[in-house]
Amino acid sequence: MGAPEYIKIVQHIKDRIIKQDLNPGDIIPSENLLCEQFNVSRMTVRKSLAVLVNDGYIYSVPGKGNYVNEPNVNEYILYYDEMIPDPDDAGCKVHLLEVDVELPSYEVGYNLHIPKTKHVVVIKRVFLKESFPIAYDIKYMPYYRGIPIVEKEISYSTFPEMVAQRKSPFAMIKKLKIRSTLADGEISTHLEVPIGSPLLVIEELLLDTQELPIGWGVIYLPGESAALDAMASFE
């Protein structure tokens, strides 16, 4: 079974843009011309144009037509998986150091937007590869009575999965901040690196749909374990 007609139109216009038959700012064929060219209804053509707009290939000017978009060369998609060890790999492990409830530090309270009298759940883990520590992970979540903390379930859980006990992952906004720092005493002990060693730090902030913080986490990675992959493509 062949592709739907609107997909054929989408691919045709994408191919023309990629081959530079159509360049940024060029107007693409009108709806009437596309209807005639592909022998389809106006509704089918409009569906294909909506896909092209959504994918960033074209933009619409009401009353004038549709134009080829200027590509955003500064935009990358970063795929981030905090679970660096693969649970199915016998050489990879997660060592759960601590699960506790305590009062927040100033930094934790600031990131979670909570007062210093509001308790937080603190989860600390070390990720291991062939018995060597490759990441030190700390998570903070506001403490709510009646929500159980099951240590076995959080050992290999991602941060959204931890928070999902009270928030659907589909109702979360995730923000990442990537920076560098130097290892202090606690971090150097858990990562088995000298104090002052350079580290890559990835902060993950989880918010609800009202953009109120529901969790803040920090992962510290020594240089040999620090690598991020991102891609930029219209394909």
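The values are calculated or read from the model by the stated rules, or taken from the named source; none is laboratory data. Everything numeric here is computed off the predicted structure, so don't read it as measured data. When we count neighbours, we look across all protein chains shown, and the Cβ atoms used for this are built from the backbone with ideal geometry, even at glycine.
The selection criterion, being assigned to a loop (DSSP other than H, G, I, E, B), modelled with pLDDT of 90 or more and surrounded by 13 or more Cβ atoms within 10 Å (Cβ to Cβ), holds for Val40. In the condition set (1) within 30 Å of Glu204 (Cβ to Cβ); (2) part of a loop (DSSP other than H, G, I, E, B), Gly63 is compliant with all but (1). Here Val218 fulfils each of the conditions (1) more than 30 Å from Ile17 (Cβ to Cβ); (2) surrounded by 12 or more Cβ atoms within 10 Å (Cβ to Cβ); (3) modelled with pLDDT under 95 apart from (3). In summary, Lys93 fulfils each of the numbered conditions (1) surrounded by 11 or more Cβ atoms within 10 Å (Cβ to Cβ); (2) under 25 Å from the mean Cα position of the chain (by Cα); (3) under 26 Å from Ile9 (Cα atoms) with the single exception of condition (3). Listed by first and then second residue, the pairs linking a residue in region 180-198 that is farther than 17 Å from Ile138 by Cβ to a residue that is assigned to a loop (DSSP other than H, G, I, E, B), with Cβ atoms under 7 Å apart and 6 or more places separating them unless they lie on different chains, are Ile195/Ala183; Ile195/Asp184; Gly196/Ala183; Ser197/Ala183. Within the span defined as region 57-66, one or more residues are polar (S, T, N, Q) and within 29 Å of the chain's Cα centre (by Cα). Residues satisfying the criterion are present in region 112-134 (criterion: crowded, with 20+ Cβ neighbours inside 10 Å, basic (Lys, Arg) and under 22 Å from Pro222 (Cα atoms)). Residues considered: Asn74, Asn111. Of these, the only one that is under 19 Å from the mean Cα position of the chain (by Cα), polar (S, T, N, Q) and part of a loop (DSSP other than H, G, I, E, B) is Asn74.
I'd like to check something: does region 12-22 contain any residue that is of a type in the set (D, E, K, R), surrounded by 14 or more Cβ atoms within 10 Å (Cβ to Cβ) and either closer than 30 Å to Ile77 by Cβ or out of contact with any Leu (no Cβ under 6 Å at 6 or more places or on another chain) (or both)? Spell out how you get there, then give the answer.
If we filter region 12-22 for residues that are of a type in the set (D, E, K, R), which is where we start, we get 14-16, 19, 21.
This time we only want the ones that are surrounded by 14 or more Cβ atoms within 10 Å (Cβ to Cβ), so: 14, 16.
Retained after the next criterion (residues that are either closer than 30 Å to Ile77 by Cβ or out of contact with any Leu (no Cβ under 6 Å at 6 or more places or on another chain) (or both)): 14, 16.
Yes, that holds for at least one residue.
Considering Pro148, Pro87, the condition of being over 24 Å from Leu212 (Cα atoms), modelled with pLDDT under 80 and of a type outside the set (S, T, N, Q) is satisfied by Pro87 alone.
Residue-wise test of (1) in contact with a Phe, Trp or Tyr (Cβ under 7 Å, 6 or more places away or on another chain); (2) without any contact (Cβ under 8 Å) to a residue 40 or more places away in the chain; (3) in a helix (DSSP H, G or I).
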| residue | (1), (2), (3) |
| --- | --- |
| Lys14 | yes, no, yes |
| Gln20 | no, yes, no |
| Gly25 | yes, no, no |
| Pro29 | no, yes, no |
| Val45 | no, yes, yes |
| Val53 | yes, yes, yes |
| Glu70 | no, no, no |
